[in-house]
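Worksheet: the structure to be examined is printed underneath.
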Amino acid sequence: MLCIIDEFSRESLAIRVARKLKATDVIEALCELFVSRGIPAHIRSDNGPEFVAEALRDWIATVGAMTAYIEPGSPWENGYCESFNGKLRDELLNGEIFYTLKEAQTVIESWRRHYNTVRPHSSLGYRPPAPEALVWPAPKEIVKMQSLN
């Protein structure tokens, strides 16, 4: 699972769920975010193989960002993401059994939307990180929107 968090707003920008994630999957997720959000100055990550791969490092340098790898064995250096992962585990994953990858992707995306738009965060004065953020509608909502036009 790839979780991308905005350190300033605490917004969960993306969660990618797959059986195995490669550097190309990370590039794809970041590319989508860079198009919609702009390119950040730094990208903080651990030293997992998908993050230290030459393809990802070269791509990040090409787009003009810098990598900020945490020290191996020092998860506190990536505290926002580690905290988010703990909340995801406690509030969702520990209580679910997913029978398919698609089910996991759907349920986790629904939780991510709730986390961003409804769930209060103590560090943000008990407000959600992105209550007004643009959240792409689910396919069912798209159909409703199109029928109104």
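Before moving on, here are some points about what is shown:
- Fewest-first ordering of Lys20, Lys87 by other beta carbons within 10 Å of each residue's beta carbon gives Lys20, Lys87.
- For the chain, the longest principal axis of the C-alpha atoms and the axis of helix 101-117 are separated by about 90°.
- Helix 139-148 vs. the chain, principal-axis angle (Cα, 0 to 90°, nearest 10): 50 degrees
- Among Leu30, Leu2, sorting on how many other beta-carbon atoms sit within 10 Å of each Cβ, with the fewest leading, yields Leu2, Leu30.
- If both residues of a DSSP beta bridge must be in the stretch 2-148, then about 55% of such bridges are antiparallel.
- Entry note, the chain: the mean residue ellipticity at 222 nm calculated from DSSP H runs of n ≥ 4, each adding -39500 (n - 2.57), is -14000 deg cm²/dmol after division by the residues and rounding to the nearest 500.
- Reported label for calculated Rg/Rh (Cα atoms, Kirkwood Rh) given (i) 0.99; (ii) 0.93; (iii) 0.97: (iii)
- Angle in degrees between helix 79-91 and the longest Cα principal axis of the chain, rounded to the nearest 10: 40 degrees
- Only lysine pairs 8 or more places apart or on separate chains count here, and in the chain those with Cα atoms under 27 Å apart total 7.
- In the stretch 22-126, the chymotrypsin sites (Phe, Trp or Tyr not before Pro) that fall in loop regions by DSSP, at most 11 other Cβ within 10 Å: Tyr99, Tyr126
- Fewest-first ranking of Ser122, Ser36, using other Cβ atoms within 10 Å as the exposure measure: Ser122, Ser36
- In percent, rounded to a whole number, the relative contact order of the stretch 48-139 is 11, using alpha-carbon pairs under 8 Å and six or more apart.
- Reducing the stretch 70-94 and the stretch 1-22 to their Cα centroids gives an inter-centroid distance of 11 Å.
- Amide hydrogen proximity for Arg44: with H placed 1.01 Å from N in the peptide plane, the residues at 5 or more positions away or on another chain lying under 5 Å are Ala68.
Each value in this text was obtained by applying a stated rule to the coordinates, not by laboratory testing. Keep in mind the model is a prediction, meaning the values are calculated, not measured. All Cβ positions, even for glycine, are placed from backbone atoms using ideal geometry, and neighbour counts span all protein chains on display.
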